[in-house]
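Below you'll find the structure, written out as structure tokens, and then a few comments.
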Amino acid sequence: MTAVEAPQTRSARNENKPRLSDRAKAERSLGWKLAGPAFVIMLLVTLYPIAYAVYLSLFNYRLTDPSGRRFVFLQNYITAFGDPLFWRAVGVTVVITVITLFFELIFGFLIALVMNKVVIPRRTLRTVVLIPYAIITVVSAFSWKYAAQVDTGFINHWLHTLTFGAWDLNFNWFGGTWTSIFIICLSEIWKTTPFVSLLLLAGLANVDSSLEEAAEVDGATWWQRMTRVVLPNMKAAILVAALFRTLDAFRIYDNPFIMTGGANNTTTLSILVANETINRVEIGMGSALAVILFIFVLIIAWIFIKGFKVDLTAGRS
């Protein structure tokens with residue numbers, strides 16, 4: 001590209017960008033004025049802990065031996081990436097995240113379809129659906145733990161009855177890795193699917209019903225209407241729901257900690273950070289793991305935003 005062509009190319013790109021109207025500019029300015037103070041306060045509140053965690057991650061620092069702190073630069077990160085325990089925790093975290101996100105999107109979309117179609121009693125139905133999400137995560141985790149335990153649980157009794165006695169009443173759900181992950185995922189799906197359904201319901205409400213009617217008149221099946229009309233017009237809502245739940249699930253701590261405590265290879269990244277920082281008081285290594293977790297979260301958010309290719313500010317020009 002020559003020097004003459006470069007300004008012309010930049011000029012063409014600027015011309016292709018949609019120009020904001022005076023109303024959109026006024027709304028954007030008002031938005032920054034209203035949200036600006038809160039944004040600055042949140043930035044100040046969160047920036048210092050993040051920066052301090054990055055600073056501590058560069059030291060070999062044990063809380064019980066503050067005088068022995070020494071600068072090791074990136075050694076904590078090298079040690080973490082070279083430890084099989086770290087990668088096992090990453091694998092468990094990814095498995096839980098993928099499983100819960102997959103089923104939450106499916107069940108959440110089905111529930112959103114029902115709530116979108118039901119007229120009476122719409123408010124009662126939405127309130128009932130949101131009850132699991134209103135329960136505190138710790139309470140929900142203890143409930144599912146007691147439900148799955150051999151001595152206090154009812155899951156084995158229900159399965160024993162439904163299988164006409166074929167299911168073992170003494171089956172230990174927390175005795176193995178995959179059965180433990182199954183209960184953890186089940187509790188997570190039960191609790192957070194209502195949140196996903198609420199976000200997807202907002203996306204369904206923005207889909208023009210005339211588009212579905214026109215597709216139906218043209219002979220499109222229900223599946224074709226869903227995949228070619230409804231879902232493409234819900235990309236923004238799906239992005240928000242998937243992004244929020246992925247970031248939340250990737251930082252999962254409560255359920256596996258209460259149910260297994262990380263036993264049977266169910267240690268997640270958040271549990272690993274807590275073990276290093278609180279149990280072993282290895283502040284340097286714990287801070288390094290926390291920074292790695294933070295970087296993973298940023299990468300996930302970037303992948304989702306780039307992958308969906310959705311402009312959340314569209315339609316405001």
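The values are calculated or read from the model by the stated rules, or taken from the named source; none is laboratory data. This structure is a prediction, so every number in the text was calculated from the model and none was measured. In this analysis, Cβ positions are derived from the backbone assuming ideal geometry, glycine residues included, and neighbour counts consider all displayed protein chains. Accessible surface areas use protein heavy atoms only, side chains included; no ligands, DNA or RNA. Shrake-Rupley method; radii C 1.70, N 1.55, O 1.52, S 1.80 Å.
So that you can scan it fast, the table gives a plain yes or no per residue for (1) in contact (Cβ under 8 Å) with a residue 60 or more places away in the chain; (2) outside any helix (DSSP H, G or I); (3) closer than 24 Å to G261 by Cα; (4) out of contact with any strand residue (DSSP E or B) (no Cβ under 9 Å at 6 or more places or on another chain):
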residue	(1), (2), (3), (4)
A80	yes, no, yes, yes
L85	yes, no, yes, yes
F102	no, no, no, yes
I106	no, no, no, yes
A112	yes, no, no, yes
N116	yes, no, no, yes
L125	no, no, no, yes
V128	no, no, no, yes
Sort out which residues of region 233-281 are small (G, A, S) and more than 20 Å from I189 (Cβ to Cβ), and write them in order of number. A236, G261, G262, A263, A274
Just for region 5-56: of the residues that are part of a loop (DSSP other than H, G, I, E, B) and open to solvent by 100 Å² or more (accessible area, probe 1.4 Å), which one is modelled with the highest pLDDT? R19
State yes or no: is T268 farther than 24 Å from I300 by Cα and among the hydroxyl-bearing types (S, T, Y)? no
Out of everything in region 93-128 that is open to solvent by 80 Å² or more (accessible area, probe 1.4 Å) and charged (D, E, K, R), what residue ends up being farthest from K191 (Cα to Cα)? K117
Tell me which of these R225 doesn't satisfy, since it passes every other one: (1) free of Cβ contacts under 8 Å to residues at least 60 places away in the same chain; (2) open to solvent by 60 Å² or more (accessible area, probe 1.4 Å); (3) among the basic types (K, R). (2)
Residue pairs meeting the criteria (Cβ under 7 Å; at least 6 apart or on separate chains; first closer than 11 Å to K145 by Cβ and open to solvent by less than 60 Å² (accessible area, probe 1.4 Å), in region 253-264; second of a type outside the set (D, E) and not in a helix (DSSP H, G or I)): P256/G262; P256/T266; P256/T268; T260/T266
Keeping to region 41-65, report how many residues are touching a helix residue (DSSP H, G or I) at 6+ places or on another chain (Cβ under 8 Å) and either among the polar types (S, T, N, Q) or at positive phi (or both). 2
What residue, among those in region 149-168 that are among the β-branched types (V, I, T) and assigned to a loop (DSSP other than H, G, I, E, B), is farthest from I258 (Cα to Cα)? T163
Looking at this structure, is F308 in contact with a Lys or Arg (Cβ under 7 Å, 6 or more places away or on another chain) and among the aromatic types (F, W, Y)? yes
Only one residue in F171, F142 is closer than 18 Å to A263 by Cα, part of a loop (DSSP other than H, G, I, E, B) and touching a helix residue (DSSP H, G or I) at 6+ places or on another chain (Cβ under 7 Å). Which one? F171
I'm checking my understanding of the structure. Among residues of region 275-311 that are among the aromatic types (F, W, Y) and closer than 30 Å to L231 by Cβ, which one is surrounded by the fewest Cβ atoms within 10 Å (Cβ to Cβ)? W302
Of everything in region 63-74, what is in contact (Cβ under 8 Å) with a residue 12 or more places away in the chain and open to solvent by less than 90 Å² (accessible area, probe 1.4 Å)? Give them in sequence order. V72, L74
